[in-house]
Amino acid sequence: MQNRSNTTAQFISSIVSVTGVGSVCYLFSDFIGYRSVALILLLTVSLLAMRLRLYPVLLAALLSALIWDFFFIPPRYTFHINSYEDVLMLAMYFIVALLNGVLTARIRFFEKLAREKEAKHQTLELYDTLFDALSHELRTPISTILGASDHLLSEDKNLPDKDRKSLVLEIMHASERLNLLTENLLNMSRLESGFIRPKADWCDLSELIYTVVNRLEDSLSTHRIQVSLPENLPLVKLDFGLTEQVLHNLLINAVKHTPQNSLIRISAHAQQQQCTIEVSDSGNGFADTDLPHIFEKFYRSRNAGPGGVGLGLSIAKGFVEAQGGTITVESLPGTGAYFRISIPAELNYLKPENDD
């Protein structure tokens, strides 16, 4: 139904455009001459051919030829033409107008095919990249869980408690990796469907940051963590869960892309109705070619190590923007990566009660 309405609108646009231009030319026909009118009408058909489909353009070509013949070629107000030269000009005009419309429509058609082919190629490349990444991300923890479970279920009753605990820890870490991948895929689905609806409430930034740090205690154990928070940090009104996930993804990203025992810094402050959280590391940072694409879905730097499907930073950006905020990244040689989150939020400075 919509396609039919669009086609009808194009036919109407074709008729209105040609008759409108013809009417204007008729008012000035004594000054510009009827041969100049043919060029103006041909230009009109050319412009329509750049925007409309083939059949509306063909209608414009036919209608413009009839208008030129009836209203402009002597004798006027009749389709009879006295001069053979004018007959030839009308025939050539009609042929040129038709060819112009057909060729322009064909060019637009092939351009559309080229765009669709390119889009399909990009989709296939994205699918292959995602499939390879997911295959690796799923295969590794699943193999770990199966292997460790097989050892635990084996009939070897002399398995030392130390080894048994190590196998249980392997299963736990592999399960956490699978859970993170599942959460990222579900969160990306929620973002793309527009399902994210922030629920702002009063929260303590210090509590939010240390909740994430404590939850990632095992992952962060290979790095040095420095948390810098000002005194008398006010309460802020934002979505605790979404912001917590943003910080979680930034810290996981920092751990993956920096050497062991390197420093990861977290700081936060709130002022002028704005909450700011900063995460920086002392790794190698990002290449200049990577910076414009850091927050793109499924994007992974060529220098990135194994693991990950390129969703963490994209989700972080989506969750920040869902709260009306912004997230930026900078990378300076020798100083690592620096992420800055800014979220508009109400502030509440609680004053301690006076002691009696």
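The values are calculated or read from the model by the stated rules, or taken from the named source; none is laboratory data. Here the structure is a predicted model, which means the values were calculated and not measured. Positions of Cβ are generated from backbone atoms using ideal geometry, with glycine treated the same way; all protein chains shown enter the neighbour counts.
Residues in the range 185-229 that are at pLDDT 85 or above and polar (S, T, N, Q): SER206, THR211, ASN214, SER221, THR222, GLN226, SER228.
Looking only at residues in the range 259-300 that are of a type in the set (Asp, Glu) and modelled with pLDDT of 85 or more, which one is surrounded by the most Cβ atoms within 10 Å (Cβ to Cβ)? For the range 259-300, the residue satisfying everything is ASP281.
Which residues, taken from the range 219-246, are of a type in the set (A, V, I, L, M, F, W, C) and in contact (Cβ under 8 Å) with a residue 60 or more places away in the chain? Scanning the range 219-246 gives LEU235, VAL236, LEU238, LEU242, VAL246.
Elements of the type helices (runs of 4 or more DSSP H) sitting completely within the range 1-101 and holding at least 1 residues that are over 30 Å from GLU111 (Cβ atoms) and charged (D, E, K, R): these cover 29-32, 34-49, 54-71. Answer with yes or no whether LYS256 is surrounded by fewer than 20 Cβ atoms within 10 Å (Cβ to Cβ), within 16 Å of PHE339 (Cα to Cα) and within 32 Å of the chain's Cα centre (by Cα). Yes.
Across the range 202-234, what is the number of residues that are of a type in the set (Ser, Thr, Tyr), surrounded by 12 or more Cβ atoms within 10 Å (Cβ to Cβ) and in a loop (DSSP other than H, G, I, E, B)? Of the residues in the range 202-234, 1 are of a type in the set (Ser, Thr, Tyr), surrounded by 12 or more Cβ atoms within 10 Å (Cβ to Cβ) and in a loop (DSSP other than H, G, I, E, B). Here SER46 does not qualify as free of Cβ contacts under 8 Å to residues at least 60 places away in the same chain and farther than 15 Å from LEU98 by Cα. Checked against the criterion of being at pLDDT 80 or above and more than 22 Å from GLU176 (Cβ to Cβ), the range 117-129 contains one or more residues that satisfy it.
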